1. Can you run down the residue pairs with Cβ atoms below 9 Å, 6 or more apart or on separate chains, where the first is in region 296-317 and at positive phi and the partner is of a type in the set (F, W, Y) and assigned to a strand (DSSP E or B)?
2. Among (1) closer than 23 Å to V106 by Cβ; (2) hydroxyl-bearing (S, T, Y); (3) in a helix (DSSP H, G or I); (4) within 16 Å of ligand 2 (Cβ to nearest atom), which single condition is Y243 missing?
3. Can you tell me which residue among Y211, Y153, Y127, Y134 is over 19 Å from the mean Cα position of the chain (by Cα) and under 19 Å from M353 (Cα atoms)?
4. Please go through region 277-289 and give me each residue that is among the β-branched types (V, I, T) and assigned to a strand (DSSP E or B), ordered by number.
5. Within region 234-246, is even one residue in contact (Cβ under 8 Å) with a residue 40 or more places away in the chain and within 12 Å of ligand 1 (Cβ to nearest atom)?
6. Can you say whether V254 is more than 23 Å from the chain's Cα centre (by Cα), of a type in the set (V, I, T) and either within 16 Å of ligand 2 (Cβ to nearest atom) or at pLDDT 95 or above (or both), as far as the supplied structure shows?
7. Can you work out which of the residues in region 1-26 that are closer than 30 Å to Q73 by Cα and in contact with a His (Cβ under 7 Å, 6 or more places away or on another chain) is surrounded by the most Cβ atoms within 10 Å (Cβ to Cβ)?
8. Of the residues D129, D63, D105, D98, which single one is among the acidic types (D, E) and touching a Ser or Thr at 6+ places or on another chain (Cβ under 9 Å)?
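The values are calculated or read from the model by the stated rules, or taken from the named source; none is laboratory data. In this text, all values refer to a predicted model and were calculated from it rather than measured experimentally. All Cβ positions, glycine included, derive from the backbone under ideal geometry; neighbour counts span all protein chains shown.
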Amino acid sequence: MIITDVSVKTFLTTTRRHSDSAGHAHPGPAHQVQQAMLIIRTEDGHEGYSFTAPEIVRPHLIDKFVKKVLIGQDHRDRERLWQDLAHWQRGSAAQLTDRTLAAVDVALWDLAGRTLNQPVHKLIGAYRDKVRAYGSVMCGDELEGGLATPEDYGRFAEKLVKRGYKGIKLHTWMPPVSWAPDVKMDIKACAAVREAVGPDIHLMIDAFHWYSRVDSLELGRGLEKLGFDWIEESMDEQSMSSYKWLADNLDIPVLGPESAAGKHWHRAEWITSGAVDILRTGVNDVGGITPALKTMRLAESFGMDCEVHGNTAMNLHVVASAKNCRWYERGLLHPFLEYDDGFDYLNSLSDPMDEDGFVHVPDRPGIGEDINFDFIDNNLVK
Ligand SMILES: O=C(O)[C@H](O)[C@@H](O)[C@@H](O)C(=O)NO
Ligand SMILES: [Mg+2]
């Protein structure tokens, strides 16, 4: 049970996803990028794994913080190990981020599951083994036949409904798109999608993250006429009072925070301040499965749903072990990309979706990523 080693394998993987200057993903030509696999090993040879960007588990962080907290410790003591690592953040000169805590915590949950031959949601205490997915669409673009017009969004939404999705979330146009942001265009895209899919498909928006209060109000009021389920991250989440103002002035539920720092502690403040109607968490956003579960239970105590940000199995296990969550966010999707093609370093999808729009939690031990270890070893970055 004692952790004896923490290591990282950095490898090359091929993707058609490209980040724009604001960090949003868009389709493009296939290119190679570096990915990292964190490995936590115990004295009896068991290993747990997680995947993240190489800089999140760079040697400085592994040597100065992660190894100091983990080596020699019982891997089952996830709560104490998470608390110890979180306490190192304050003195880390902002180098030890929630993303690194998440990578470590996910690998520890994977290690526990692999050791006990159980999937993580069963270790946590599962609520379900499958959950409805909403298709989370990429931000708009200026690609011919991509997501360049409201009609493009409408056509893509029709395809997603045919694939089985019963919910669709639009990320609308944002800079560096030349004319974005534009509330009226956002509403036109949402109206085109509602027209295309009819009244029974659940729709949500994740808008330009820096609209003003007045722009957000105009957008929210437009969505109320279209029967949307929620409005998400339409303003800078550093201004909690702006969300309180928006939630007070809108009928459509306000969901968040996604990107605000502060883990479950800060999300408690968002609830008690009345800034949101639906809470949000995410394994990478709050520092792991351990704090994401705390956020789910926090929301439940206030009679709230808590929707989980992001795809892959680590988030799926959080969704599967809570009643107060309606969706799994499957994406990001685009007409030019085939999401079901998965990743070259995984043998199969971690979030397979059936034709009724249900994603089934992997019943493989641990997090359940179907890792192609040979691919990783054959594509190591020297
Ligand atoms: O802001 C982004 O990069 C994307 O919107 C991404 O975080 C997306 O996954 C999201 O916000 N989902 O809710
Ligand atoms: Mg979002």
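1. Short answer, once both residue conditions are applied: T312/F51.
2. (1)
3. Working: Y211 fails: under 19 Å from M353 (Cα atoms); Y153 fails: under 19 Å from M353 (Cα atoms); Y134 fails: over 19 Å from the mean Cα position of the chain (by Cα).
After applying the criteria, what remains is Y127.
4. Pass one, region 277-289, residues among the β-branched types (V, I, T): 278, 281, 283, 286, 289.
Answer for region 277-289, where residues must be among the β-branched types (V, I, T) and assigned to a strand (DSSP E or B): I278, T281.
5. No, there is no match, as no residue in region 234-246 is in contact (Cβ under 8 Å) with a residue 40 or more places away in the chain and within 12 Å of ligand 1 (Cβ to nearest atom).
6. On the way: more than 23 Å from the chain's Cα centre (by Cα): no; of a type in the set (V, I, T): yes; either within 16 Å of ligand 2 (Cβ to nearest atom) or at pLDDT 95 or above (or both): yes.
Criteria not met by V254.
7. The first filter runs over region 1-26 and keeps only residues closer than 30 Å to Q73 by Cα, leaving 1-11.
Imposing the further condition that a residue be in contact with a His (Cβ under 7 Å, 6 or more places away or on another chain) reduces the set to 1, 3.
Values: M1: 14, I3: 23.
Checked region 1-26; the qualifying residue surrounded by the most Cβ atoms within 10 Å (Cβ to Cβ) is I3.
8. Numbers: D129 fails: touching a Ser or Thr at 6+ places or on another chain (Cβ under 9 Å); D63 fails: touching a Ser or Thr at 6+ places or on another chain (Cβ under 9 Å); D98 fails: touching a Ser or Thr at 6+ places or on another chain (Cβ under 9 Å).
After ruling out the rest, the residue left standing is D105.
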